[in-house]
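Here's the structure, in structure tokens; my notes come after.
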Amino acid sequence: MSEATDTRGAVPVLRRGWLRLDRRGAGLPRLLRRRGLALLLLAAAALVLVMAGNSWLTGRYVAATIPQGENILRLAVSGLRGELARYERLPDLMDRNPVLVRALKPDADTVDLAAANLYLRHVAQRMGLSDAYIMAPDGTTRAASNFDQRFSFVGERFDYRPYFTEALAGGQGRFSALGTTSGKRGYYFGRALRDRGRIVGVLVLKIDMDAIEDSWRAAEYEMIVTDSEGIVFLASRRDWQFHALAPLTAEARTRIAATRRYDDEPLEVLPLSPAGRVEGHPILRLGLPDQRRDFLTVSEALPEADWTVHVLLDTAPARRQALTGTLAGLMIFGVGAAGLMAWAQRRARLRERLSIQAEAQAQLEGRVAARTAELAELNARLGAEVDERRATEAELRRTQRHLVQSAKLAALGQMSAALSHELNQPLGAVRNFAANALTYLERNRAEDARQNITRILSLTDRMTEIGRTLRTFARKPNAQLSEVALQDVLRDAMEVIAFRLDRVPVTLRLDLPSDPLRVRAGPVRFQQVVVNLVSNALDALEDRPDGTIHIEGRRDGGRVLLTVRDNGPGIPQGLEDRIFDPFFSTKGVGSGLGLGLSISFNIIKDFGGELRILPTERGAAFCIDLPGVES
Ligand code: ADP
């Protein structure tokens, strides 16, 4: 049975979607697998989307830090420039100083050298220089501001330093390096010292960069300054100093070794590797075993010092912000999706409920329609049956009328036969008596003739009597009811039935009070009823030698009762209800029409009374019960 046709019960059984698959057994796991795969793909897609979104957002947030980095960079660069500019003009002020020139002379004595030493120390102290010293053209340091200290430059040779060679060549020597003697880092300005136009030596001022570098330490960002070889000269992190940004080439190492720029520092490569770019600015990733940080790098060249200044902004805050943003977005999306799902689910449930309702409604309507059709059919059948019944009733009534008519005609015929029999006999007798009387008169036997004429008279009296009875019958049966005495009706009836009474050996007992029992009735029809009842009694007593008919009339309260009893076989048991039916007869064919009792019953009913059977031990008893009329 398919689910579409399964609509047993009041509510249709709905089997939809995977529930249907469930019945097939193997469907569910496969479906679940497919669902699981789809979910997995969806989750992967969502993850990729979230990651892409997060990465994009990170880029945006990181990019937003660029202006800040540029600002920091600008400040740092101008700070460095300012620092260098502070000392840039100082050699110009000192290069013609006779104390220094004198100390460079080959014949300079201890006093000259001491004067130069003191002067240089004074200048260094006053100007905040790291060191100040003068070198002879062969690179030997003649006098120095640190002449009295442990790592004094005096007597040291720095002819390998570019600031010396460049200055000796008449130019301006600039160099940043690690001091080979002091082990201290510095920026060097070199300037030729002249005596009457001739270069006699080189003045070197070494600037300490520690203060500047220290100012970077507390900052949230990292700051590095690299030289032309890409080696970190200044750094906010001490451990980054004298490290290379990228692996050094052999030539670079040779160049560095030649100038002993970083003394014996190993110049290892910083653990910073490029990790993409944001708006053209590289991202550098610090890959230490205990630390992994990404820096947005903003750089600017400082050509006068042959440096590049880099600001490294940690991207962690931007990442955190992006992550927060992504999570917030995810949450908003989640809430939105959950809302959407709830809405979709509600809609689906509503749709399902509506469809169930519609189905139930359709079913109900179907049932109502079917029931209505059934009822309509039943109604039509009933209507047809009613019509049929009416037609049958009409037919019955018609037949009944016909039969009543026939019964009347039959009764009339019977009565006519009886009458003709009753009249022919006296007529014959009258003719005989008249002929005899005539003969007697011819023979002059007047006495005999008179007797015969007397008999003729008595016979004509009888015939008149019969005629009188006929007149009674001739009255219209539908004539209006009139007040009649029961005694009169009985007398007339007995006259009508007399011809039968004479033939049967039956004892007739009449019990009537002397005062007339008055009722309202049609006398002829009443007579007919009595004749019927007595005739039936005679029929029942036909073969009985001791037949008795007992007719009793009496008053019972306001009613008048007329009972006709006989001692015949009585009404057969079980037929009491049927004997009043038209055409019901136990008599043989041609003997009875079975209409007598039914017509009698109706006549009495017309008079406002009742004809009923009385219970008896023997024979049959019929009672006519009529409302009495007070005399
Ligand atoms: P019918 O006399 O033509 O048969 P009725 O209507 O007069 O028709 O009587 C119907 C039937 O009632 C009779 O056939 C008879 O069986 C029964 N019946 C009537 N009167 C008596 C009676 N006095 N005794 C026994 N049976 C009777």
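Scan the stretch 265-307 residue by residue and report those that are outside any strand (DSSP E or B), in contact with a Leu (Cβ under 9 Å, 6 or more places away or on another chain) and either acidic (Asp, Glu) or on the phi > 0 side of the Ramachandran plot (or both).
Keep residues of the stretch 265-307 that are outside any strand (DSSP E or B), which gives 265-268, 270-271, 279-280, 289-290, 303-306.
Checking the rest, the ones that are also in contact with a Leu (Cβ under 9 Å, 6 or more places away or on another chain) come to 265, 267, 270-271, 304-305.
Listed by number, the residues that qualify are GLU265, LEU267, GLU304.
I'm checking my understanding of the structure. Among residues of the stretch 508-522 that are without any contact (Cβ under 8 Å) to a residue 60 or more places away in the chain and away from the ligand (no atom under 16 Å from the Cβ), which one is farthest from LEU597 (Cα to Cα)? Write out each step before concluding.
Going residue by residue through the stretch 508-522, those that are without any contact (Cβ under 8 Å) to a residue 60 or more places away in the chain are 508-514.
Subsequent filtering for residues that are away from the ligand (no atom under 16 Å from the Cβ) retains 510-514.
Working: LEU510: 21, ASP511: 23, LEU512: 23, PRO513: 26, SER514: 29 Å.
Taking the candidates together, the pick is SER514.
What residue, of LEU40, LEU104, LEU90, LEU100, is in contact with a Gly (Cβ under 7 Å, 6 or more places away or on another chain) and either closer than 30 Å to ALA301 by Cβ or at pLDDT 90 or above (or both)? Only one candidate passes the filter, namely LEU104.
If we scan the stretch 583-599, do we find a residue that is crowded, with 18+ Cβ neighbours inside 10 Å, without any contact (Cβ under 8 Å) to a residue 24 or more places away in the chain and in contact with a helix residue (DSSP H, G or I) (Cβ under 9 Å, 6 or more places away or on another chain)? For the stretch 583-599, residues crowded, with 18+ Cβ neighbours inside 10 Å, without any contact (Cβ under 8 Å) to a residue 24 or more places away in the chain and in contact with a helix residue (DSSP H, G or I) (Cβ under 9 Å, 6 or more places away or on another chain): present.
Taking each residue of the stretch 83-103 that is under 15 Å from GLY197 (Cα atoms) and looking for partners that are acidic (Asp, Glu) with beta-carbon atoms closer than 6 Å, six or more apart or interchain, yields VAL101/ASP195; ARG102/ASP112.
So that you can scan it fast, the table gives a plain yes or no per residue for (1) surrounded by 19 or more Cβ atoms within 10 Å (Cβ to Cβ); (2) under 24 Å from PHE580 (Cα atoms):
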residue: ARG500; (1), (2): no, yes
residue: LEU510; (1), (2): no, no
residue: PRO516; (1), (2): no, no
residue: VAL519; (1), (2): yes, yes
residue: GLN528; (1), (2): yes, yes
residue: ALA537; (1), (2): yes, yes
residue: ILE549; (1), (2): yes, yes
residue: ARG565; (1), (2): yes, yes
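Of ARG544, ARG525, ARG554, all but one fail to be basic (Lys, Arg) and more than 16 Å from the ligand (Cβ to nearest atom); the exception is ARG554.
Please verify whether the stretch 492-510 includes one or more residues that are touching a strand residue (DSSP E or B) at 6+ places or on another chain (Cβ under 8 Å) and under 15 Å from VAL560 (Cβ atoms). No: the stretch 492-510 contains no residue that is touching a strand residue (DSSP E or B) at 6+ places or on another chain (Cβ under 8 Å) and under 15 Å from VAL560 (Cβ atoms).
Quick one: is ALA498 more than 11 Å from the ligand (Cβ to nearest atom), of a type in the set (A, V, I, L, M, F, W, C), free of Cβ contacts under 8 Å to residues at least 24 places away in the same chain and on the phi < 0 side of the Ramachandran plot?
Values: more than 11 Å from the ligand (Cβ to nearest atom): yes; of a type in the set (A, V, I, L, M, F, W, C): yes; free of Cβ contacts under 8 Å to residues at least 24 places away in the same chain: yes; on the phi < 0 side of the Ramachandran plot: yes.
In short, yes.
State all residues of the stretch 579-602 that are more than 6 Å from the ligand (Cβ to nearest atom) and at pLDDT 85 or above; if no residue qualifies, say none. Selection gives PHE580, SER600, PHE601.
Report, by residue number, each residue of the stretch 309-357 that is in a strand (DSSP E or B) and either among the β-branched types (Val, Ile, Thr) or free of Cβ contacts under 8 Å to residues at least 60 places away in the same chain (or both). Step through it out loud before you land on a result.
First, pick out the residues of the stretch 309-357 that are in a strand (DSSP E or B): 309-314.
Selection gives VAL309, VAL311.
LEU562 falls short on exactly one of the conditions (1) on the phi > 0 side of the Ramachandran plot; (2) within 15 Å of the ligand (Cβ to nearest atom); (3) at pLDDT 90 or above; (4) not aromatic (Phe, Trp, Tyr), and that condition is (1). When the stretch 539-569 is filtered for residues that are polar (S, T, N, Q) and part of a strand (DSSP E or B), the ones remaining, listed by number, are THR548, THR563.
Rundown of residues vs (1) at pLDDT 90 or above; (2) in a strand (DSSP E or B); (3) crowded, with 20+ Cβ neighbours inside 10 Å, yes/no style:
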position	(1), (2), (3)
ALA219	no, no, no
ILE224	yes, yes, yes
PHE233	yes, yes, yes
LEU248	yes, no, no
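Please state which of the following conditions TYR163 fails to meet, knowing it meets all the rest: (1) touching a Pro at 6+ places or on another chain (Cβ under 9 Å); (2) surrounded by 19 or more Cβ atoms within 10 Å (Cβ to Cβ). Of everything listed in (1) touching a Pro at 6+ places or on another chain (Cβ under 9 Å); (2) surrounded by 19 or more Cβ atoms within 10 Å (Cβ to Cβ), TYR163 misses just condition (1). When ASP294, ASP306 are screened for being in contact with a Lys or Arg (Cβ under 6 Å, 6 or more places away or on another chain) and in contact (Cβ under 8 Å) with a residue 24 or more places away in the chain, only ASP294 passes.
The values are calculated or read from the model by the stated rules, or taken from the named source; none is laboratory data. All figures in this text were calculated on a predicted structure; none of them were measured in a lab. Neighbour counts are summed over all protein chains in view; Cβ atoms, including those assigned to glycine, are modelled from backbone coordinates with ideal geometry.
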